[in-house]
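Q: Could you have a look at this structure, given as structure tokens, before my questions?
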Amino acid sequence: GTGAKEGKGWKRFQSYKGEAGLPREVENLRVFVDRKAQTVILPVHGFAVPIHITAIKNASKNDEGDFTFLRINFQTPGQLAGKKEDTPFEDPDATFIRSVTYRSTDGHRFDNVYKQITELKKEVTKREQQKKEMAD
Amino acid sequence: MTTQFDSIYHGLSPHLGKFRIAASGMAWMNNETKEVVATPVAEIKWAQWMRVARNFRLRVGLKEGRRREDFDGFLRDDQEKLASLLKQHFGVILEVKDVSFKGWNWGATDFQGQDLAFLVSNKTSFELPLQNVANSNIAGKTEVSLEFNTSASPSKSSKHAGDEMVEIRFFVPGTHTKDSGSDAGSKDGEKDGE
């Protein structure tokens, strides 16, 4: 049981209750942003892997020749050396996905996905901030 | 008697095909190339059912060299039908593999045959076929990165192509020696020395 280790202040979040919640678009095996579920769905060797925006730190994009690379960084412990962690974790001793990088020749679409992730992250962060201020 | 399922994919191939099942075995035929992947009854050892990106997957374990075949594109309603066909024709139980949709980026890794599986709350989140790993790296004792083989040329850049994952990085704090006694103060400013 990791209950005792559960980080203080960690707030439970969940993308989908079950497989039926997945949007149709995952069939395309492409990175997809599901705004309604506040989730980015990653295609990983045939699996549809949802990652909630809360677990996402940021995204970056760069072009190299014919390809565009999209990298998504995730919240993990041990990233703020010397600083106090402000993101609590349910199980800090678990194995974390720290980042994934995708490649596509469709730079336009990756541009869009990058913008959608960045905007969704901004939106959710702002809302959390407002909630905190209201609570104070 | 043969039962046919339309619109089925073989492995991660982008081509649709027809999947047929009969007492003699199973066969998948590519709609475009007419290429056939046939699995005779004597080869079939086990079967699994799981949700993947392209709806549901039938995974069939083969006797030969611990190989297996994946067929994607089945519908939820196909499960019962498929389960009874597999039992009737091959005496094989269609086991259900639970998949996580929680949206968490933490869990545990587990080596399962030729795959590295990532489990969230003990359910599969995804599998990484190790034969596709081109390179791996360990940085700072707690970070493991895996790079995947990718096609060199963008020739197959069809409009229907999926996104290629080229790299994944894991943070593995468990590989670090834990100091269970005093955790206050030891978490920040970890030094590299042992």
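Q: Are any residues in the stretch A:92-136 touching a residue at least 60 places away in the same chain (Cβ under 8 Å), polar (S, T, N, Q) and closer than 21 Å to A:Q79 by Cα, and if so, which ones?
A: Answer for the stretch A:92-136, where residues must be touching a residue at least 60 places away in the same chain (Cβ under 8 Å), polar (S, T, N, Q) and closer than 21 Å to A:Q79 by Cα: just A:T118.
Q: Same structure again: Residue by residue through the stretch A:93-125, note down the ones that are assigned to a helix (DSSP H, G or I), in contact with a helix residue (DSSP H, G or I) (Cβ under 7 Å, 6 or more places away or on another chain) and β-branched (V, I, T).
A: A:V124, the sole residue that qualifies.
Condition check ((1) aromatic (F, W, Y); (2) in contact with a Ser or Thr (Cβ under 6 Å, 6 or more places away or on another chain)) across all residues:
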position	(1), (2)
A:F13	yes, yes
A:A20	no, no
A:E25	no, no
A:A37	no, yes
A:H45	no, no
A:I53	no, no
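Q: Quick check on this structure: which one of B:D70, B:D77 is touching a residue at least 60 places away in the same chain (Cβ under 8 Å) and under 28 Å from A:Q14 (Cβ atoms)?
A: From the options B:D70, B:D77, the qualifying one is B:D70.
Q: Just to be sure before I move on: is A:S99 among the small types (G, A, S) and out of contact with any Phe, Trp or Tyr (no Cβ under 7 Å at 6 or more places or on another chain) in the structure I sent?
A: no
Q: Can you name the number of the only condition in (1) at pLDDT 95 or above; (2) in a strand (DSSP E or B) that B:N135 fails?
A: Unmet condition: (1).
Q: Kindly indicate which of B:I138, B:I93 is within 14 Å of chain A (Cβ to nearest Cβ), surrounded by fewer than 17 Cβ atoms within 10 Å (Cβ to Cβ), hydrophobic (A, V, I, L, M, F, W, C) and without any contact (Cβ under 8 Å) to a residue 60 or more places away in the chain.
A: Of the residues listed, the single one that is within 14 Å of chain A (Cβ to nearest Cβ), surrounded by fewer than 17 Cβ atoms within 10 Å (Cβ to Cβ), hydrophobic (A, V, I, L, M, F, W, C) and without any contact (Cβ under 8 Å) to a residue 60 or more places away in the chain is B:I138.
Q: Is it the case, given these coordinates, that A:P77 is in a loop (DSSP other than H, G, I, E, B) and either closer than 26 Å to A:K126 by Cβ or touching a residue at least 40 places away in the same chain (Cβ under 8 Å) (or both)?
A: Yes; evaluated as a whole, the condition is true for this residue.
Q: Now a separate question. Is there a residue being within 29 Å of B:D163 (Cα to Cα) and assigned to a loop (DSSP other than H, G, I, E, B) anywhere in the stretch B:78-94?
A: no
Q: For the stretch A:16-36, which positions are exposed (fewer than 15 other Cβ atoms within 10 Å of the Cβ), closer than 17 Å to B:S125 by Cα and out of contact with any Phe, Trp or Tyr (no Cβ under 8 Å at 6 or more places or on another chain)?
A: The answer is A:A20, and nothing else.
Q: Could you look through the stretch A:12-33, keep only residues that are over 22 Å from B:L75 (Cα atoms) and more than 8 Å from chain B (Cβ to nearest Cβ), and pick out the one that is modelled with the lowest pLDDT?
A: Checked the stretch A:12-33; the qualifying residue modelled with the lowest pLDDT is A:R12.
Q: Here's another thing I want to ask about it. Here is a list of conditions, (1) in contact with a helix residue (DSSP H, G or I) (Cβ under 9 Å, 6 or more places away or on another chain); (2) at pLDDT 95 or above, and B:L119 meets all of them except one; can you say which number that is?
A: (1)
The values are calculated or read from the model by the stated rules, or taken from the named source; none is laboratory data. Predicted model only: the values in this text are computed from it and were never measured. Cβ atoms come from the backbone with ideal geometry, glycine included; neighbour counts cover every protein chain shown.
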